[in-house]
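The next block holds one structure in the form of structure tokens; read it before the comments.
The values are calculated or read from the model by the stated rules, or taken from the named source; none is laboratory data. The structure presented is a predicted model; accordingly, all values stated were derived computationally and were not measured. FYI the Cβ positions are ideal-geometry reconstructions off the backbone, even for glycines, and counts take in every protein chain you see.
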């Protein structure tokens, strides 16, 4: 049961405030007209580079932000966000040194964003930054299994985003985090409900979906994450795979190097019984991806697994076996490797 609690709370807070592309309102009154470069343009570049897994370029952009805005939170939490994505994709070693660096970045982002909120209490942007920094702190606390601190920060995030919307109802990017919270909180498992009741956590799924759709359509910075949440969580839970595939295809076209979107797109086509299309999408990704490397290896394993399952469905068993063998060899008994190994055992193949 502890693993279920950990998975639920971690998922809730990882996506609560839209990931790195939900935090990009950069023009505070203090520097909007005083710089020779455009901070917002740098932020947008960092967002696009990070989503397209061009991490070196994204990190270079965060260095620029820190250099030109050393007393603002933008550069620090975007850098922390890029490192977080790199960790999730297996593109960065998860050692103590890395964790310390990320924690320092998070702490500085929290401190500076809180200062900005004090300085601009009626700014939707300042509230948004503060909420974003709290999400990162909660993400870090989740790694240490400090669940009370995680839930406490989660509630602060929701209230802060709601305040941002109260200040500016057209601040559509804030709807991503609120919408995700409403969807998750509406489906809290029974064993978490007493804790949720004490902490005041509640949600409205239909309202959350409407908020996410609004953010996906009208948001500027958080629309990608809103689209992802709708496509990978909401429509999948409802088994509306056609709608999910439409959104994932859009994300794949916008960020062709992000294999996370390809993985879900292959899954959606498989669930729609469009096996040839799943194979075609997987072929393109596996042709350029390096399954022997560490970066995005988990994604490549799942993409190859869905290709194998699709081969199996159209009766090309030899090709399915070949894919499953590669996955077991590269992925071992983790992630897709477990399912591939089970498929081989079912056929009595080593």
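Details
- Residue among 101, 89, 125 that alone is under 24 Å from residue 182 (Cβ atoms) and assigned by TED's automatic domain parsing to the domain that holds residue 40: 125
Residue by residue, here is whether (1) closer than 23 Å to residue 228 by Cα; (2) modelled with pLDDT under 50; (3) not in a helix (DSSP H, G or I) holds:
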| residue | (1), (2), (3) |
| --- | --- |
| 3 | no, yes, no |
| 9 | yes, yes, no |
| 21 | yes, yes, no |
| 31 | no, yes, yes |
| 37 | no, no, yes |
| 45 | yes, no, no |
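- Screening 296, 277, 263 for residues that are in contact with a helix residue (DSSP H, G or I) (Cβ under 7 Å, 6 or more places away or on another chain) and on the phi > 0 side of the Ramachandran plot leaves exactly one candidate, 296.
- From the options 55, 77, residue that is under 19 Å from the mean Cα position of the chain (by Cα) and modelled with pLDDT under 90: 77
- Here the condition is being under 22 Å from the mean Cα position of the chain (by Cα), part of a helix (DSSP H, G or I) and surrounded by fewer than 23 Cβ atoms within 10 Å (Cβ to Cβ); of 341, 287, 312, 298, it holds for 298 alone.
This table checks each residue for (1) surrounded by 20 or more Cβ atoms within 10 Å (Cβ to Cβ); (2) in the same structural domain as residue 183 (by TED's automatic domain parsing); (3) closer than 15 Å to residue 209 by Cβ; (4) under 16 Å from the mean Cα position of the chain (by Cα).
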position	(1), (2), (3), (4)
225	yes, no, yes, yes
228	yes, no, yes, yes
232	yes, no, yes, yes
243	no, no, yes, no
251	yes, no, no, yes
258	yes, no, no, yes
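- Residue within region 196-204 that is modelled with pLDDT of 90 or more and out of contact with any helix residue (DSSP H, G or I) (no Cβ under 8 Å at 6 or more places or on another chain) present: no
- Selection status of residue 247, in contact (Cβ under 8 Å) with a residue 12 or more places away in the chain, touching a helix residue (DSSP H, G or I) at 6+ places or on another chain (Cβ under 6 Å), surrounded by 20 or more Cβ atoms within 10 Å (Cβ to Cβ) and not assigned by TED's automatic domain parsing to the domain that holds residue 283: no
- Helices (runs of 4 or more DSSP H) completely within region 71-167 that count 3 or more residues being without any contact (Cβ under 8 Å) to a residue 12 or more places away in the chain: 96-119, 147-167
- Of the residues 338, 309, the single one that is under 22 Å from residue 88 (Cβ atoms) and modelled with pLDDT of 85 or more is 338.
- Pair list, Cβ under 6 Å, 6 or more apart: region 321-348 residue assigned by TED's automatic domain parsing to the domain that holds residue 299, other residue modelled with pLDDT under 85 and in a helix (DSSP H, G or I): 337/331
- Selection count where residues are outside any helix (DSSP H, G or I) and either under 17 Å from residue 181 (Cβ atoms) or modelled with pLDDT of 90 or more (or both), scope region 206-241: 5
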